[in-house]
Amino acid sequence: MADAGVAGDAGRASSDLVVRASRVLVDGAWQPAAVAVRGGLVVAIEAVDAVLPVHDGGRDVTLPDDEVLMPGVVDTHVHVNEPGRTEWEGFASATRAAAAGGVTTIVDMPLNSIPPTTTVEALELKRAAAGPQSVVDVGFWGGAVPSNLGTGDLRALHEAGVFGFKAFLSPSGVDEFPHLGTDELHAAMREIAAFDGLLIVHAEDPDRLDEAAAALPEGAGGAVYDDFVASRPEAVEQTAIEHVVEALRATGGRAHVLHLSSASALATIRAAKAEGLRLTVETCPHYLTFDQAGIPDGATQYKCCPPIRDAANRELLWAALVDGTIDVVASDHSPSTAELKFAGDGSFDEAWGGIAGLELSFRAVWSGARARGIALETVLGWMSRGTADLVGLGAPRSGGAKGRIEVGAAADLVAFAPDEPFVVDAALLAHRNPVSAFDGAELVGRVGATWVAGVVVDAAAPPARLITRR
Ligand SMILES: [Zn+2]
């Protein structure tokens, strides 16, 4: 923004909302600005003290000096579990947690709800559940499972607006969402490539998992965290990612590796990208925050698949984010009831695998980044702009592009105090079951306010929008 401000004649008409801040992220840089909003869109970005009329009932807000104005986080990996396992998580609680954590858009995973989102009929059930009670924007992934390959369901889901298709290469943890074998992976990628869709992959190899299980000493497992990690070694991810790369090469499709935990797979990923294959990669806040040595035996709130590995591995993930090998960070918020999360009294074999961290995702990554001298705008590149671009929400669209503050973009905005320390109390989090691996963590960052389409999310917030790929 120049002194005179970036345009928008529309800014001269009265606005629904004006937000003024000493630091607003515009064009990748922080600058003082006033952002005017009308009809859910940013309509002008002007000098911080610009005269911008607001209509009756509108608001002109000046953020305190310790708060920046940033684009809302776009979390492309959230398991809401409703309908069917609403006691684990639901749209009301998940979207409240999202807003409290500065997340203005979530894209819901196709499994753990019943039915899973593998047909248009199931997608419509999801939409009916989400529509009336979501306070941030919600979109949906479809699922690719053996039973819907070659049936037309994938194309129908694509045309109905899902953002892509999730597949597992090893058992998913729920019976109603079976994994794909290697041939089925190729078939799914070929079918999805025909309409240039995106396949997102849980990349763990079942044969390597069996080998690792067979190699564990007698009596290993249970509550011993090191044994849990040994049961899912890095080779499990490596082999699965090699299968994804081979499928990309064979089909010319697009694939996105979810929740990368193993740094040893980075060389394969770098080579695939250098070859020009259409591969992108996600990692998650828990892999960037915790490490194996810090996880007590029996602490199954940390159980996730693939597992949290050692500190040296964690630092390699950070480096891979900084150098662009890993593209984005999303929460993989995958809660269950406390009963299931602690099933087996600390046994990693029996507890539900999934980390509940939607509300803390952005602040956990920011806290880790800040400690490593990485800038806030860089984190937003991974968690807002990058994730929006991954699913096509960064392009101009009805409702405005997401992941950036610019004229014509969605007015999905967050007031954020980046330097305020706090200690996580899981009991105070808004997601349904008060369990989180982040309980007791010392993080930084306070979300002052969250606006979705220019409307502040508070107790009286109206339902937000369901969004589609187009
Ligand atoms: Zn997941």
Q) Do the sum for the chain: with -39,500 (n - 2.57) for every DSSP H run of n ≥ 4, divided by all residues, what is the mean residue ellipticity at 222 nm, to the nearest 500 deg cm²/dmol? A) -7500 deg cm²/dmol
Q) Within the P(r) computed for region 147-266, what percentage of the Cα pairs occupies the region above 26 Å? A) 25
Q | Protection proxy ranking, peptides 106-117, 438-449, 153-164, average beta carbon neighbours within 10 Å, highest first | A | 106-117, 153-164, 438-449
Q) Applying the Karplus parametrisation 6.51 cos²θ - 1.76 cosθ + 1.60 with θ = phi - 60° to the phi angles of region 232-244, what ³J(HN,Hα) value in whole Hz is obtained for each residue in order, glycine and proline being reported as x? A) 9, x, 4, 4, 4, 6, 4, 5, 5, 5, 4, 5, 5
Q) Hey, what does the equivalent ellipsoid look like for region 286-408, semi-axes from the Cα gyration tensor as sqrt of 5 times each eigenvalue, largest first, whole Å? A) 31, 18, 11
Q: For Glu211 paired with Ala250, estimate the spin-label separation in nm (one decimal), with each label point 7 Å from Cα along the Cα-to-Cβ line.
A: 1.9
**Q.** Vicinal HN-Hα couplings computed from phi for region 402-413 (Karplus, 6.51 cos²θ - 1.76 cosθ + 1.60; Hz; Gly/Pro x)
**A.** 9, x, 7, 10, 7, 4, x, 7, 4, 8, 9, 10
Q: Relative to the longest principal axis of the C-alpha atoms of the chain, give the angle of the C-alpha long axis of helix 311-322, reported between 0 and 90° and rounded to the nearest 10°.
A: 50
Q.
List the residues, sorted by chain then number, that are 5 or more residues from Val24 or on another chain and whose placed amide H is less than 5 Å from its amide H.
A. Gln31, Ala33, Leu69
Q: Could you tell me the distance between the Cα centroids of region 261-316 and region 399-428, to the nearest Å?
A: 25
Q) If you take the Cα atoms of region 215-369, find Rg, then find the Kirkwood Rh from the mean of 1/r over all pairs, what is Rg/Rh? A) 0.99
**Q.** Those lysines that a straight Cα-Cα span of less than 29 Å connects to Lys402, excepting residues fewer than 8 apart in one chain
**A.** Lys126, Lys166, Lys273
Q: Would you mind checking which residues have amide H under 5 Å from Val136's amide H? H placed 1.01 Å from N; only 5 or more apart, or other chain.
A: Ala464
Q) What base-10 log of the normalised intensity I(q)/I(0) is obtained for region 222-304 from the Debye formula, alpha carbons as equal point scatterers, at q = 0.19, 0.21, 0.26 Å⁻¹? A) -0.85, -0.96, -1.27
Q.
Give me a comma-separated list of calculated 3J(HN,Hα) values for region 48-58, in order, Karplus coefficients 6.51, -1.76, 1.60 applied at θ = phi - 60°, integers in Hz, x for any Gly or Pro.
A. 4, 9, 4, 7, 9, x, 10, 6, 4, x, x
Q: Could you check the simple spin-label distance between Ala235 and Asp291, using points 7 Å along Cα→Cβ, in nm with one decimal?
A: 2.5
Q | Linear extension gain, Glu124 paired with Ala50, 0.36 nm per residue minus alpha-carbon span | A | 22.1 nm
Q.
I'd like the distance separating the alpha-carbon centroids of region 48-101 and region 141-198, in whole Å.
A. 31
Q: Take the Cα atoms of region 72-390, find their three principal axes, and give me the spread along each one in whole Å, biggest first.
A: 46, 42, 41
Q.
Within 9 Å, Cβ to Cβ, of Asp137, how many net charges do the neighbouring residues add up to if Lys/Arg are +1 and Asp/Glu are -1?
A. +1
Q) Over all directions, what mean area does the Cα convex hull of region 306-355 project, stated in square nanometres? A) 4.2
Q.
Counting only Cα atoms, I'd like the Rg/Rh figure for region 382-470, Kirkwood definition for Rh.
A. 1.02
Q. Amide H to amide H under 5 Å from Asp332: which residues, 5+ apart in sequence or cross-chain, H placed 1.01 Å off N in plane?
A. His77
Q: Please give the FRET efficiency for Glu176 paired with Ala371, using the beta carbon to beta carbon distance and R0 = 45 Å, rounded to the nearest 0.05.
A: 0.65
Q: Could you give the C-alpha radius of gyration of region 114-183 expressed as a fraction of 2.2 N^0.38 Å, taking N as the number of residues it contains?
A: 1.14
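All of the numbers you see were taken from the coordinates with simple rules; none came from a lab. Note that the structure is predicted; figures quoted are calculated from it, not measured. No Cβ is skipped: glycine too gets one built from the backbone with ideal geometry, and neighbour counts run over all protein chains shown.
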